[in-house]
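Colleague: Here it is, the structure in full.
The values are calculated or read from the model by the stated rules, or taken from the named source; none is laboratory data. All values reported here derive from a predicted model rather than from experimental measurement. Virtual Cβ from ideal backbone geometry, glycine too; neighbours counted across all protein chains shown. Quick note on the areas: whole protein, heavy atoms, side chains included, nothing else; ligands and nucleic acids left out. Shrake-Rupley method; radii C 1.70, N 1.55, O 1.52, S 1.80 Å.
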Amino acid sequence: MNKEIVKEKLYPDLISSDKFTETFKNFLIRRKSICGNGYNINYENIIEKVKSDINTILPRELFELIYWFEEIEYEYTAKGIDFLYNLHGTTAYSFMFQYGNFTYYYPLDEFHEGNDGHNVNPKDFIRFLDYMILLMGKIVMSKINESEYDLTDSEKEYISKLAVSYKNEKLLQKLIDSEFEYLKKEYISYNESDSDSRHSPEVNTLSSAGSFLDKCIEMKIKIIEKNTNVLIVDSV
């Protein structure tokens, strides 16, 4: 999120009283009437953060912003907020399952807002993405998930160079190896059970390894380019 662009282009729209069919302020009032007393989103707090530094916004506040954008069909990606990755259901659960695994051993510089999401330092999030790239690359190359996905030569080179950069990180290597063995064990158990369900985060991680790998590389490139906080918003 680019705080200068947000201040210049998004802030005037948020305080506008006549540009949209429903103002952001009235949208929050309507949401409050629907959600009840437990709804504690404050219009002034959000406006101040958008005006000063969007990177200080809470995940649940960003969720309300995006909700309003979608309702009024507002193109916000040109206003300083970049969309990284949209996940749903068991795929989202699997991705965040790995996030939880990683942050258990490598606590991040983040603001964790209960079940609503995370506001994460970009350097720390890149470290998590590196873990995912190395783990998903190992899964894809092993073919334990019986996927037809094959690494390109450029992906192989990228993963190889990344592995070298972490060669002295013994804890990270141990974490990747142990998680790989655990996922492999769970996948074998899943196949032996003849189950049609892919709802477990372990099985879904293996099934989504190729797409996770591609998106993690893509996200890393974007985050390095922007160098701003990353917000993970749980809309459930």
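Colleague: On the basis of being at pLDDT 85 or above and not basic (Lys, Arg), does residue 160 make the cut?
Modeller: Working: at pLDDT 85 or above: yes; not basic (Lys, Arg): yes.
So residue 160 passes the test.
Colleague: Go through region 46-87 residue by residue and tally those that are under 16 Å from residue 3 (Cβ atoms) and not in a loop (DSSP other than H, G, I, E, B). Walk me through how you get there before you give the answer.
Modeller: Restricting attention to region 46-87, the residues satisfying the condition of being under 16 Å from residue 3 (Cβ atoms) are 46-58, 61-62, 65, 76-82.
Filter again for not in a loop (DSSP other than H, G, I, E, B), leaving 46-52, 54-56, 61-62, 65, 76-79.
Counting residues in region 46-87 that are under 16 Å from residue 3 (Cβ atoms) and not in a loop (DSSP other than H, G, I, E, B) gives 17.
Colleague: Residue under question is residue 70, and the condition is that it be at pLDDT 90 or above and either in contact with a Ser or Thr (Cβ under 6 Å, 6 or more places away or on another chain) or acidic (Asp, Glu) (or both); does it hold? Let's see the steps before the verdict.
Modeller: Details: at pLDDT 90 or above: no; either in contact with a Ser or Thr (Cβ under 6 Å, 6 or more places away or on another chain) or acidic (Asp, Glu) (or both): yes.
So residue 70 does not fit the description; no.
A quick yes/no check of all residues on (1) open to solvent by 60 Å² or more (accessible area, probe 1.4 Å); (2) over 30 Å from residue 65 (Cα atoms); (3) not aromatic (Phe, Trp, Tyr):
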| site | (1), (2), (3) |
| --- | --- |
| 151 | no, yes, yes |
| 163 | no, yes, yes |
| 177 | yes, yes, yes |
| 193 | yes, yes, yes |
| 201 | no, no, yes |
| 230 | no, no, yes |
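Colleague: For the condition modelled with pLDDT under 90 and open to solvent by less than 30 Å² (accessible area, probe 1.4 Å), what is the one hit in 115, 55?
Modeller: On the way: 115 fails: open to solvent by less than 30 Å² (accessible area, probe 1.4 Å).
The match here is 55.
Colleague: Same structure again: Between 66, 47, which is touching a residue at least 60 places away in the same chain (Cβ under 8 Å), under 24 Å from residue 226 (Cα atoms) and either touching a strand residue (DSSP E or B) at 6+ places or on another chain (Cβ under 8 Å) or β-branched (Val, Ile, Thr) (or both)? Give the steps one after another, and end with the answer.
Modeller: Numbers: 47 fails: touching a residue at least 60 places away in the same chain (Cβ under 8 Å).
That would be 66, the only listed residue that is touching a residue at least 60 places away in the same chain (Cβ under 8 Å), under 24 Å from residue 226 (Cα atoms) and either touching a strand residue (DSSP E or B) at 6+ places or on another chain (Cβ under 8 Å) or β-branched (Val, Ile, Thr) (or both).
Colleague: Here is a further query. Report, ordered by the first and then the second residue, all pairs with beta carbons closer than 8 Å, sequence separation of six or more or different chains, a first member in region 207-219 that is farther than 16 Å from residue 127 by Cβ, and a second member that is of a type in the set (D, E, K, R) and open to solvent by 50 Å² or more (accessible area, probe 1.4 Å).
Modeller: Pairs found: 207/198.
Colleague: Does at least one position in region 61-74 carry a residue that is closer than 30 Å to residue 206 by Cα, hydrophobic (A, V, I, L, M, F, W, C) and open to solvent by less than 30 Å² (accessible area, probe 1.4 Å)?
Modeller: no
Colleague: Okay, next question. What pairs come out if I take residues in region 168-192 that are in contact (Cβ under 8 Å) with a residue 24 or more places away in the chain and part of a helix (DSSP H, G or I) and pair them with residues that are of a type in the set (D, E, K, R) and buried (at least 16 other Cβ atoms within 10 Å of the Cβ) whose C-beta lies under 8 Å away, six or more apart or interchain?
Modeller: Listed pairs, sorted by first residue: 176/138; 180/138; 183/202; 187/202.
Colleague: Consider residue 85 against the criteria (1) of a type outside the set (A, V, I, L, M); (2) modelled with pLDDT of 90 or more; (3) open to solvent by 40 Å² or more (accessible area, probe 1.4 Å): it satisfies all of them except one. Which criterion is unmet?
Modeller: (2)
Colleague: Here is a follow-up. Considering only residues that are of a type in the set (Ser, Thr, Tyr) and open to solvent by less than 90 Å² (accessible area, probe 1.4 Å), which ones fall in region 1-20? Break it down stepwise before answering.
Modeller: Quick first cut of region 1-20, residues of a type in the set (Ser, Thr, Tyr) only: 11, 16-17.
Once the filter is applied, which keeps residues that are of a type in the set (Ser, Thr, Tyr) and open to solvent by less than 90 Å² (accessible area, probe 1.4 Å), region 1-20 yields 11, 16.
Colleague: Check off (1) under 23 Å from residue 208 (Cα atoms); (2) at pLDDT 90 or above; (3) under 15 Å from the mean Cα position of the chain (by Cα) for residue 123 and give me the number that stays unchecked.
Modeller: (1)
Colleague: Continuing with this model, one more query. Restrict the check to region 195-209 and report whether at least one residue is within 16 Å of the chain's Cα centre (by Cα) and in a loop (DSSP other than H, G, I, E, B).
Modeller: Yes, there is a match, as at least one residue in region 195-209 is within 16 Å of the chain's Cα centre (by Cα) and in a loop (DSSP other than H, G, I, E, B).
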